[in-house]
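Undergrad: Please read through the structure below; I'll follow up with questions.
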Amino acid sequence: MSPAAVKVDRLEKTLGKNRVLRGISFEGDSGEIFGLLGPNGAGKTTTLRIIGTLLVPDTGSVDVLGFDTRAAPEEVRRRVGVVTAEIGVYARLSARENIAYFAELSGVLNGELKRRVDAVIDRLDMGSFANQRAESLSSGQKQKVAIARAIVHDPEILMFDEPTSNLDVLASREIRDFMVESRERGKCVIFSTHVLHDAERLCDRVTILHQGTVVASGTTAEVRGSHRDLEDAFLELVE
Amino acid sequence: MKALGIVFRKEMREILRDRRTLIAIGLAALATPIVLIVISQVTAKTATQAYTVGYSGDIPVGLDTLLTATALKLERVSDPAAAAKKEVDLGVVFQPTQIDEYYDPSRQGAQIADTRLQTVLGQYDAAKAAAALREKGIDPALLNPIPLKVHPLSSPVKAAGNAFLSFFLPYILITMVFTGGLSAALDATAGEREKKTLEALLLTPSPRSRILLGKILAVTTISLISAVAAIGSMLLTLWQLPLLGTRVTLSPLAAAVMVWLAVLLAASFSSLTLALGTLAKNFRQGQAFSTPLYFITIFPASIILFIPNFNPNLAYYLIPIFNAVLVLRDAIVQNSVAWPALGVTTASLVATALTCWYATLRLFTRETLLIRS
């Protein structure tokens, strides 16, 4: 069995006076969509930020494809693409310029830059607005720019933090389809959401967080158990 | 260092597409010439404007001609003292043995008219005394036994022009270097947070120090462009427009010193304003933080303006900003550079820039940078 793409081990983190994570552990594998579920404030975003090396854990460790987040943060970031919950883009740059900027910062070489940017624009069907300034784009189009910039360096790990929360039905479906496609390409997709319905449809395995602790973990079917759906299972776990 | 260049190019592209910054630079380039044109017209008008002297009594023979030639218009009034309060610029009562003058020193017109009257009366008295001595066969030179002959070592008119430049240029330089890059600095830090792009930027593998250096370089560049635009337009206007009776020009040495100081100041200010932007939650809060800082930076320039003959020892050149004003003042007024002073100033400003950069980097690498968002 190959080692886990992402291994989170007994992670603890306090921000200010708030003990956000209280020793959580889970593993995400390549070729799967792993759901990090829980209500707002459960600690999902903090966990993703620690995996992305933006925050340092107080105790515990995170290993990404063999690299420790504390010891080799730049190597970790090279292998991770994150679609953040807040989809900010540079308004005065075009969609293409936004993507190219992140590609360059992620180490895509000049000779390869245009091909890579064109490829993600094509893959996400962004051709019709690629040269428009980002300030004139719709929320769905901006979300595509955010995804494009996160994947343009072809990372092995993709993390989505509440990616559909501000999107309409069509745009949400496109995001879900993209996650499925990424799984088929062998990527490890970590999907953080409080929308359990979405998670149930997409995730191979899930971990449910509540108040900074893991309250359930396993395949989606295992966590759902005998309940009608994941939402019912979750409500029983946290009540 | 590749990330530095990538960030610099992107920041410059964004800045040059930002109307706020371009308008600020354009206004800076236009505002100074407009102020100078107004000053020039006001000074020209003041020099040629006629002022009214309300008088009573009999004017001594010939004095009326002298007064009129000096643009003092004579107007007979019943009560010169009362008229001098409002209707005329000066009130004068001519009596056979003395002249009484009434004027209000709080009125600028009255002050100028007073100066002109004193000058005319001095010349008139001297001429009358000389004529009386001549009538008695005495050489009028007796009145001036040790004549003074003045040999100015430089053109007094040019000196007045240099004094004006040394008064105006440091002020414009500091203001434009500070404000020229302010919007760009806040946009590159607080703006990133406000636009929600900061997290994505920090998730790239590029080291934060390089990202920050790229931003500093872009803000420094735009500060310099802004300062050079404002000072260039000012010098062009002064060259075209006689001010204080002369065309004021900056010597090549003073210009070189000014550009060097602008580079050093821009490097310090860009780090400082980026630090403020990093501390601020949004662009508006960043602007609120910057206002007191602007007054602190402009304070040294203001102090020196009120101490024209201030000759400091070398230790004063350790004080950032203050030292830049001193060096620039000396370069303009004396058209020379005291190299030890410039060396200390350079070391002081480089140390300031590095300290500011380090402080900003510390802020930029703290976890709270993200938590604040």
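The values are calculated or read from the model by the stated rules, or taken from the named source; none is laboratory data. No experiment lies behind these values; they were computed from the predicted model shown. FYI the Cβ positions are ideal-geometry reconstructions off the backbone, even for glycines, and counts take in every protein chain you see. Remember, those area values only see protein heavy atoms, side chains included, never the ligands or the DNA or RNA. Shrake-Rupley method; radii C 1.70, N 1.55, O 1.52, S 1.80 Å.
Undergrad: If the requirement is being under 25 Å from A:G28 (Cβ atoms), more than 10 Å from every other protein chain (Cβ to nearest Cβ) and in contact (Cβ under 8 Å) with a residue 12 or more places away in the chain, which of these qualifies: A:L55, A:L137, A:L113, A:L65?
TA: Testing whether each residue is under 25 Å from A:G28 (Cβ atoms), more than 10 Å from every other protein chain (Cβ to nearest Cβ) and in contact (Cβ under 8 Å) with a residue 12 or more places away in the chain leaves just A:L65.
Undergrad: Does segment B:226-237 contain any residue that is more than 9 Å from chain A (Cβ to nearest Cβ), out of contact with any His (no Cβ under 9 Å at 6 or more places or on another chain) and at pLDDT 90 or above?
TA: no
Undergrad: Here are B:V53, B:V77, B:V42, B:V38: which of them is open to solvent by less than 70 Å² (accessible area, probe 1.4 Å) and under 38 Å from the mean Cα position of the chain (by Cα)?
TA: When all the criteria are applied, what remains is B:V53.
Undergrad: Could you tell me whether B:V61 is without any contact (Cβ under 8 Å) to a residue 12 or more places away in the chain and of a type in the set (A, V, I, L, M)?
TA: yes
Undergrad: Could you list, in sequence order, all residues of segment B:96-110 that are among the polar types (S, T, N, Q) and not in a loop (DSSP other than H, G, I, E, B)?
TA: B:Q108
Undergrad: Give the number of residues within segment B:199-216 that are more than 7 Å from every other protein chain (Cβ to nearest Cβ) and open to solvent by less than 10 Å² (accessible area, probe 1.4 Å).
TA: Summing the residues that are more than 7 Å from every other protein chain (Cβ to nearest Cβ) and open to solvent by less than 10 Å² (accessible area, probe 1.4 Å) in segment B:199-216 gives 5.
Undergrad: Sticking with this structure for a sec: If only one of B:V88, B:V150, B:V93 is open to solvent by 90 Å² or more (accessible area, probe 1.4 Å) and either closer than 20 Å to B:D64 by Cβ or not in a helix (DSSP H, G or I) (or both), which one is it?
TA: Within the list B:V88, B:V150, B:V93, the selection yields B:V150.
Undergrad: Next question, about the same structure. Go through segment B:171-188 residue by residue and tally those that are closer than 21 Å to B:T368 by Cα and open to solvent by less than 10 Å² (accessible area, probe 1.4 Å).
TA: 3
Undergrad: In segment B:327-373, what residues are within 14 Å of chain A (Cβ to nearest Cβ) and either surrounded by fewer than 13 Cβ atoms within 10 Å (Cβ to Cβ) or not in a helix (DSSP H, G or I) (or both)?
TA: Selection gives B:T365, B:R366, B:E367, B:T368, B:R372, B:S373.
Undergrad: Looking at B:A163, is it within 13 Å of chain A (Cβ to nearest Cβ) and either out of contact with any Leu (no Cβ under 7 Å at 6 or more places or on another chain) or open to solvent by 40 Å² or more (accessible area, probe 1.4 Å) (or both)?
TA: The answer is no for B:A163.
Undergrad: Also: Looking at B:T119, is it exposed (fewer than 11 other Cβ atoms within 10 Å of the Cβ), on the phi < 0 side of the Ramachandran plot and free of Cβ contacts under 8 Å to residues at least 60 places away in the same chain?
TA: The answer is no for B:T119.
Undergrad: Given (1) part of a helix (DSSP H, G or I); (2) open to solvent by less than 30 Å² (accessible area, probe 1.4 Å), identify the lone condition not met by B:P312.
TA: Every listed condition holds for B:P312 apart from (1).
Undergrad: So if I check each of B:V88, B:V61, B:V7, which one is among the β-branched types (V, I, T) and within 14 Å of chain A (Cβ to nearest Cβ)?
TA: B:V7
Undergrad: Sticking with this one: Name the one entry in A:R49, A:R78, A:R70 that is among the basic types (K, R), under 23 Å from B:L369 (Cβ atoms) and either away from chain B (no Cβ under 12 Å) or touching a Cys at 6+ places or on another chain (Cβ under 7 Å) (or both).
TA: Result: A:R70 is the single residue among A:R49, A:R78, A:R70 that is among the basic types (K, R), under 23 Å from B:L369 (Cβ atoms) and either away from chain B (no Cβ under 12 Å) or touching a Cys at 6+ places or on another chain (Cβ under 7 Å) (or both).
Undergrad: All but one of (1) of a type in the set (G, A, S); (2) touching a Pro at 6+ places or on another chain (Cβ under 8 Å); (3) more than 14 Å from chain A (Cβ to nearest Cβ) hold for B:A29; which doesn't?
TA: It fails just one condition, (2).
Residues checked against (1) assigned to a helix (DSSP H, G or I); (2) open to solvent by less than 40 Å² (accessible area, probe 1.4 Å); (3) touching a His at 6+ places or on another chain (Cβ under 8 Å); (4) of a type outside the set (S, T, Y):
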position	(1), (2), (3), (4)
B:K281	no, no, no, yes
B:F289	yes, no, no, yes
B:L293	yes, yes, no, yes
B:T297	yes, yes, no, no
B:A301	yes, yes, no, yes
B:I304	yes, yes, no, yes
B:P320	no, no, no, yes
